[in-house]
Amino acid sequence: MIDPHACPTTTLLLFGATGDLAQRYLFPSLLRLHADGLLPAGLRIRGLALSAHDDAGFADLLRQRLLEAAPDAQVAAAIEGLLARVQYRSVDLSDSAAVTAAVADVGGGTCLSYLSIPPALYPSTAQGLAQAGALAAPSRLMLEKPIGSDGASADALLEQIAGLIEEERTYRVDHYLGKAAVQNLMALRFGNTLLEAVWNRNHIESVHILVAESGGVDGRSAYYAQAGALRDMVQSHILQLLALVAMEPPVSLQADRIRDEKVKVLRSLRPLDPKTAAPLTLRARYGAGRIDGQDVPGYVPPAGTDPETFAAVTAHIDNWRWAGVPFHLVTGKRLPCRSTQVVITLKPVSHWLFDKPSRGQAQPNRITLQLQPNENIQLGLLSSLAGPEWGALELQPLALELSVPTGQQRRIAYERLFLDALSGNSALFVRADEVRAAWAWTDSVLAAWQQAGLAMGSYPAGQWGPQRAAQFLPANLLEPTLP
Ligand code: BG6
């Protein structure tokens, strides 16, 4: 086991430094960590990308983005301090020798390399790093999603990288795992008898996992047209949420004990086949519509591509705990609002005593875990509002709502992931076997779509997907709000 504290990271090599992710999230996260004194004292940051800049030119570009991203004056005041750590090198990442040359002078220290670049460039970049000694222990490698575009390409990539650096020093990012609200899923499940006691097929009727976005494909069409919502969101973020919701309690919080349990869930997912494609899935693409009172255009993908922007799948986990419980997974762009939620619908009580409502009309108990944009837990119960003058008990839905008191502002997901990678904690990163298991199931959906010739549906921007989406969406989303 490497003790990262004994060899603090001396250089962070950030590949894709001029890209959208780096500029919008990675550098702003580093800024906040720097402002809070959480980066190792001597850490140098080297940005690398194809565009030609010298150090000063890159600093100017970054300064502007950091000023826009800084949440307050205290963080803004730390910008120059962060920039003093930053250098830049222009490099063609398809040329491993050029990568070696661009990092040759830092190869001797402990490096953390972050690849925020198209996965096709991972092998040449990692090869160049290895040749420069920048992947030698105790250095570490962070890889952004997606790892491949199907099981076969993921396998090839995983193997190429495994030939250059060990699994325990490879940190595959799924930024949803860096979100405090997502980590809270484990705390809620395993810290509370109340929830864990009912968390199984005996008490749970169904589970909905919804990741809705109001944003569109916008500037990312080149990537998105090849990917679509299933590969972009379901294979990664949604399956990670599902694994956290469905896994058995790990024996400890050690990284591999958590990941052992998650991978078991992913391996238990029942593959889809062409016969189940039509009843159990839905894919669609948004057309023009209105969101928040604004007209928004439809998504027109490049010729020859046919990506869905909305995907819904009813998944089944074939294991002891979840046999027979449908997991409805839904994601979409240009839906009416941004909302990530896990909704657990419980089974009805075993013997119904009441006339009003009748058994069939009673709303089921529901636990709604709202993860984004706000963190909130809602417990949907039934209670009687009847006064003593009324003859019979009449049950009404009663929602107990708890907004999660997050104390100080939650950190951006990437801040937590940087801190963990810097300190060598891989619990919130995706292990190779999880990637493989997630692709195995995703491939079955893609193949089922193809073999069944499943037609692409459509929906106007600003609506909850096409009409049949109601079959997959949590009922409380479509129910009128409680008084
Ligand atoms: C990314 C996807 O991984 O996650 C994007 O590629 C998506 O398409 C984004 O918009 C959503 O992340 P968040 O943190 O805004 O929910």
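The values are calculated or read from the model by the stated rules, or taken from the named source; none is laboratory data. Since the structure is predicted, the reported quantities are computational estimates derived from the model, not experimental observations. For neighbour counting, all protein chains shown are included, and Cβ atoms are generated from backbone atoms with ideal geometry for every residue, glycine included. Heavy atoms of the whole protein, side chains included, go into the accessibility calculation; ligands, DNA and RNA do not. Shrake-Rupley method; radii C 1.70, N 1.55, O 1.52, S 1.80 Å.
Things to note:
- Fraction of antiparallel bridges per DSSP, the chain only, in percent to nearest 5: 55 percent
- Full extension of the segment from residue 273 to residue 68, taken as 0.36 nm per residue of separation minus the current Cα-Cα distance, would add 69.0 nm.
- Expressed as a whole percent, the proportion of Cα-Cα pairs in segment 198-342 lying more than 24 Å apart is 40%.
- Computed on the Cα atoms alone, the convex hull of the chain gives a volume of 170 cubic angstrom per residue.
- 1.4 Å probe accessible area per residue over segment 312-359, in Å²: 44 Å²
- Per-atom-type breakdown for segment 423-467 gives carbon and sulfur 48% of the accessible area (1.4 Å probe, protein chains only).
- Placing R0 at 22 angstrom, the Cβ-Cβ distance between residue 352 and residue 318 gives a FRET efficiency of 0.10 after rounding to 0.05.
- Value of relative contact order over segment 1-97, rounded to a whole percent, pairs C-alpha under 8 Å and six or more apart: 36 percent
- Rolling a 1.4 Å probe across the protein heavy atoms gives segment 1-120 an accessible surface of 42 Å² per residue.
- Secondary-structure-derived ellipticity at 222 nm for the chain, considering helices only, amounts to -9000 deg cm²/dmol, per-run term -39500 (n - 2.57) for DSSP H runs with n ≥ 4.
- Each of the trypsin sites (Lys or Arg not before Pro) that DSSP puts in a loop and that has at most 16 other Cβ atoms within 10 Å breaks the chain; the longest unbroken stretch is 202-320.
- Projected onto their three principal axes, the Cα atoms of segment 148-259 cover extents of 46, 38, 25 Å, largest first.
- Comparing 26, 344, 149 along the charge dipole axis of the chain, the residue lying farthest to the positive side is 344, per the Cβ-charge model.
- Across all C-alpha atoms in segment 35-153, the radius of gyration and Dmax reach 15.7, 48 Å.
- Ranking 294, 234, 199 by Cα position along the charge dipole of segment 194-344, where only Lys, Arg, Asp and Glu carry charges on their C-beta atoms, puts 234 farthest toward the positive end.
- FRET efficiency estimate (nearest 0.05) - Cβ-Cβ, residue 94 to residue 471, R0 35 angstrom: 0.20
- As a ratio to 2.2 N^0.38 Å, the alpha-carbon radius of gyration for segment 260-307 is 1.84.
- In the chain, Cα pairs under 8 Å separated by at least six residues give a relative contact order of 18 percent.
- For segment 153-209, with all protein chains in place and a probe radius of 1.4 Å, 53% of the accessible heavy-atom surface sits on carbon or sulfur.
- Dipole magnitude (debye, nearest 20) for segment 188-252, charges at Cβ of Lys, Arg, Asp, Glu: 80 debye
- Cα-centred dipole magnitude for segment 40-181, charges only on beta-carbon of K, R (+1) and D, E (-1), debye, nearest 20: 320 debye
- Around the Cα centre of the chain, unit charges on the Cβ atoms of Lys, Arg, Asp and Glu (plus for the first two, minus for the last two) sum to a dipole of about 600 debye.
- Over 28 Å between alpha carbons, listed pairs 179/262; 145/264; 179/275; 262/347: 179/275
- Cut-off of 10 Å, at most 16 other beta carbons, DSSP loop: longest stretch of the chain lacking such GluC sites (Glu not before Pro): 167-388
- For segment 305-355, averaging the sequence separation of C-alpha pairs within contact (under 8 Å, six or more residues apart) and dividing by the residue count gives a relative contact order of 28 percent.
- Restricting segment 262-323 to chymotrypsin sites (Phe, Trp or Tyr not before Pro) that sit in a DSSP loop and have at most 10 other Cβ atoms within 10 Å of their own Cβ leaves 320.
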